[in-house]
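Chemist: Quick one: structure below, then a few questions.
A short reminder: the numbers here are calculations on the coordinates, not readings from a lab. In this text the structure is predicted, and so the values were computed from the model without any measurement. Cβ sites come from the backbone with ideal geometry, for glycine too, and all protein chains shown count toward neighbours.
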Amino acid sequence: MPRLLAALVILALFAAMPEVASAMGQSSLMTLAARILIYAMAAASLNFILGYGGMISFGHAAFFGIGSYTVGILAHHLASGEPLFGIIPGSGDMAVTLPAALLVSGIAAAIIGALSLRTGGVQFIMITLAFAQMLFFFFVALPTYGGEDGTIISSANSVPGLNMRRKATVYYFILGVATVYFLILWRLVHSSFGEVLKGIRQNERRMTAMGIPVYRYKLFAFILAGMGAGLAGALLANFLRFASPDIMHWTKSGELMIMVILGGVGSFFGPILGAAALLVLEFHLAGWSEHWQLALGAILLLVVLGGRGGINGLLARLAGGRR
Amino acid sequence: MILVLEQILNGLQYGVMLFLLAAGLTLIFGIMGVINLAHGSLYMIGAFAGTWVAAHTGSFWLGLPVALTAAAVAGLLIEMLVVRRLYERDHLDQVLATFALILLFNELIVLLFGRQPIFTPLPELFSGSVQLFEGFPYPPYRLLIIATGLLVALGLWLLINRTRIGMLVRAGSTNRDMVRALGVDIRMLYTIVFGLGALLAGLAGYMAGPILAVQVGMGEQILLATFVVVVIGGVGSIRGAFVAGLALGVVDTAMRAFLPGFFRTFMEPAAADNLGAGIASMGIYLLMAIVLLIRPKGLFAPGA
């Protein structure tokens, strides 16, 4: 029950944000809130494999970027009128671009996951990083889509009945998608599939002995996580009207991991708290000093060395009234 | 032919640098089980400290001991204050804590030296060029780097295979818990290995100064390539780091030099250059993925 209440409070806060922002005359607040929602989705997808499944993927930004580029590339071909590979027409319709982003990032995750999951430990961390770097350099080397500079999307994808030229409408659309996304994720985490995944993290050998095809479960979880990040990337492209290789750089993968850790690994609301904490911190510290990364580094170090369970753990301890 | 030879030498020089970094990293990985992303920061600290002294005194050779000392001291501090708490933690905490260290060190360097790249003066004796043979001039400084790297490799081989510390290091990278159970002061060993790794990283950083720009972020550029070397060579294996480092250095350099030209033979120049550069950048990661798929623990992993 308190969790339901927490979820409703978070939802209400985000829903009120555009009004609050315009009342305060600070439109940048709405941008910040939208970025928190999008990054929370991406971080939550990483948390799904990392926190629940114990797979430390250091290349999760790859799928974030693929989703973003799917929207960017479709918009590019819509503008130029030339079909992609001569057969796939461009599109600016949300009903096409979002499923496309899910599909493409899902396929990429299937390929990368199928290969990476054959290793484990340090090698898994490094091979996921390697695949992400390959994709990063691949998009940097594509002059058609702007190379290093990325590709500009002239307008947000259309949704029937909505005026997507209004920033606030795009924001509410993102909020809607994020709500549905987290509802699905909630069901998934608490399904038998989610339980098996947690079991694999705790003891892979035991799950194998119980007759569970561990590899197949992990791969399926990896694909779902890739699709989640792809969806978040597609929304980000729509919101920023821009897709660039920057968002699949390895430091972005690191940032997503920071959000997961900061919020609390393997806790459902952790990624939302973590994304909010990191982005708000960045927003304020960056305004305060250009050397804000110094403070960020120090805070992060303290959280990792001293904290147990991140912000979510802290809240639970406060609510429990004991340390 | 001359061009190929020159690129092979350049590749060896890059490979030797990768080895200097990878040697420390692979020991830290193999013995302590710690993923140290901040290894690139030690490389950067060595480069900045040494270059600063060299620029103020005008002598390349005075900068060298300073670079080594600064990197080693920074390494020891990192080990005692941060990494020591991470030995029993999982990889995730290690990755994040050392990632935080990267942020800290980068900003500290910006505060101290600014964002502009600074340049290390070449040592007098090794500036200019020498004729390796008729019609093949080559910068002697790069030869110095190659020679230093090979010398360090030899020294490490002697240290690992002929001394008591080396014996403990070998034992530690094969079975850490057993070494501890036999009553070896493992913390002391950890500190020594970490300091040695930092020293080598500082050496690599300072030697890279005259060739590359000394700037913030230089550590991350080479860090990922170093990780690729460590993983391909097999975690914990100096021999693996040596073979993989040199091989990767040559392959990477050769691809960057020759792929655009190769694509130009059947594509328009601008597109060929782009594609060539892109594939060359992807090359080492592709190589790592292939190696891991065939040998999931790398080529020379101890105990594999």
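Chemist: What whole-number volume per residue, in cubic angstrom, does the convex hull of the C-alpha atoms of the stretch B:2-294 give?
Modeler: Working: hull volume 43.8 nm³, N = 293.
Enclosed volume per residue, from the Cα hull, is 149 Å³.
Chemist: Divide the volume of the convex hull of the Cα atoms of the stretch A:223-268 by its number of residues and quote the answer in cubic angstrom per residue. Write down the numbers at each step before the final one.
Modeler: Values: hull volume 4.3 nm³, N = 46.
Cα-based convex hull of the stretch A:223-268, divided per residue, equals 94 Å³.
Chemist: Additional query: Counting only Cα atoms, I'd like the Rg/Rh figure for the stretch A:3-69, Kirkwood definition for Rh.
Modeler: 1.09
Chemist: Give the calculated FRET efficiency between B:Asn161 and A:Glu282 to the nearest 0.05, with a Förster radius of 60 Å applied to their Cβ-Cβ distance. Walk me through the intermediate numbers first.
Modeler: Details: r = 49 Å, r/R0 = 0.82.
Here the calculated transfer efficiency is 0.75.
Chemist: Over 11 Å, how big is the tail of the calculated P(r) for the stretch A:155-196, in percent of all Cα pairs? Write out the running numbers ahead of the final one.
Modeler: Numbers: 589 of 861 pairs.
Summing the P(r) tail past 11 Å for the stretch A:155-196 gives 68 percent.
Chemist: For the stretch A:155-246, list log₁₀ I(q)/I(0) at each q in 0.20, 0.24 Å⁻¹, using the Debye formula over Cα point scatterers of equal strength and ignoring solvent, two decimals each.
Modeler: -0.95, -1.17
Chemist: Would you mind giving the average projected area, over all directions, of the Cα convex hull of the stretch A:2-249 in nm² with one decimal?
Modeler: Working: hull surface 59.3 nm².
Its Cα hull, projected and averaged over all orientations, spans 14.8 nm².
Chemist: Fully extended, how many nm does the chain gain between B:Glu124 and B:Leu77 (0.36 nm per residue separation, minus their Cα-Cα distance)?
Modeler: Details: separation 47, 0.36 × 47 = 16.92 nm, distance 3.40 nm.
Here the answer is 13.5 nm.
Chemist: Then there is this: Checking the cross-link filter: which lysines have an alpha carbon closer than 30 Å to that of A:Lys167, excluding same-chain neighbours under 8 positions apart?
Modeler: Straight-line reach from A:Lys167, under 30 Å: A:Lys252.
Chemist: Follow-up. Could you calculate the FRET efficiency of A:Met164 with A:Ala316 from 1/(1 + (r/R0)^6), where r is the beta carbon distance between them and R0 is 56 Å, rounded to 0.05? Write down the numbers at each step before the final one.
Modeler: On the way: r = 39 Å, r/R0 = 0.70.
After rounding to 0.05, the efficiency reads 0.90.
Chemist: In the neighborhood of B:Ile192, defined by Cβ-to-Cβ distances under 11 Å, what is the net charge if each Lys or Arg adds +1 and each Asp or Glu adds -1? Numbers along the way, then the final one.
Modeler: Numbers: positive: B:Arg187; negative: B:Glu79, B:Asp185.
Residues near B:Ile192 contribute -1 overall.
Chemist: Oh, and also: I'd like the orientation of helix B:238-264 relative to chain B: the angle between its Cα long axis and the longest Cα principal axis, in ° from 0 to 90, rounded to 10.
Modeler: Taking the Cα atoms of chain B, the angle to B:238-264 is about 30 degrees.
Chemist: Could you tell me how far the Cα centroid of the stretch B:131-169 sits from the Cα centroid of the stretch A:219-241, in Å?
Modeler: Distance between centres, Cα-based: 47 Å.
Chemist: Moving to a separate point now. Restricting everything to alpha-carbon atoms, can you work out Rg to Rh for the stretch A:107-210 with a Kirkwood hydrodynamic radius?
Modeler: On the way: Rg = 19.9 Å, Rh = 18.0 Å.
Computed over Cα atoms, the ratio is 1.11.
Chemist: Sum -39500 (n - 2.57) across every DSSP H segment of at least 4 residues in chain A, then divide by the residue count to get the 222 nm mean residue ellipticity, nearest 500. Numbers along the way, then the final one.
Modeler: On the way: 13 runs with 232 residues, N = 323.
The per-residue figure over chain A is -24500 deg cm²/dmol.
Chemist: Note the full-extension length gain between B:Ser59 and B:Val4 as 0.36 nm times their separation in residues minus their Cα-Cα distance, in nm to one decimal.
Modeler: Gain on extension, B:Ser59 to B:Val4, equals 16.5 nm.
Chemist: Another question about this same structure. Sticking with the crude label model, points 7 Å out along Cα→Cβ, report the distance from A:Ala79 to A:Leu115 in nm, one decimal please.
Modeler: 3.1
Chemist: How many percent of all Cα-Cα pairs in the protein assembly as shown sit more than 41 Å apart? Could you put the intermediate results ahead of the total?
Modeler: Details: 55297 of 196251 pairs.
Of all Cα-Cα pairs in the protein assembly as shown, 28 percent lie more than 41 Å apart.
Chemist: Per residue, how big is the convex hull of the stretch A:70-128 when only Cα atoms are used? Give it in Å³. Display every interim value, and only then the final one.
Modeler: On the way: hull volume 5.4 nm³, N = 59.
Measuring per residue, one finds 92 Å³ for the Cα hull of the stretch A:70-128.
Chemist: Turning to a different aspect of this structure: Lysines within cross-link reach of A:Lys198: Cα-Cα under 17 Å, excluding same-chain residues under 8 positions apart?
Modeler: Partners within reach: A:Lys218.
Chemist: Taking the Cα-to-Cβ direction at A:Ala15 and at B:Asp90 and moving 7 Å from each Cα, how far apart do the two end points lie in nm?
Modeler: A separation of 3.6 nm, rounded to one decimal place.
Chemist: Apply 1/(1 + (r/R0)^6) to the Cβ-Cβ distance of A:Arg241 and B:Leu112, taking R0 = 51 Å, and write down the FRET efficiency to the nearest 0.05. Don't skip to the answer; put the middle values down first.
Modeler: Details: r = 39 Å, r/R0 = 0.76.
Between A:Arg241 and B:Leu112 the formula returns 0.85.
Chemist: Show that you can apply the helix-only estimate: for chain B, add -39,500 (n - 2.57) for every DSSP H stretch of four or more residues, divide by all residues, and state [θ] at 222 nm to the nearest 500. Walk me through the numbers on the way to the answer.
Modeler: Details: 11 runs with 222 residues, N = 304.
One gets -25000 deg cm²/dmol as the mean residue ellipticity at 222 nm.
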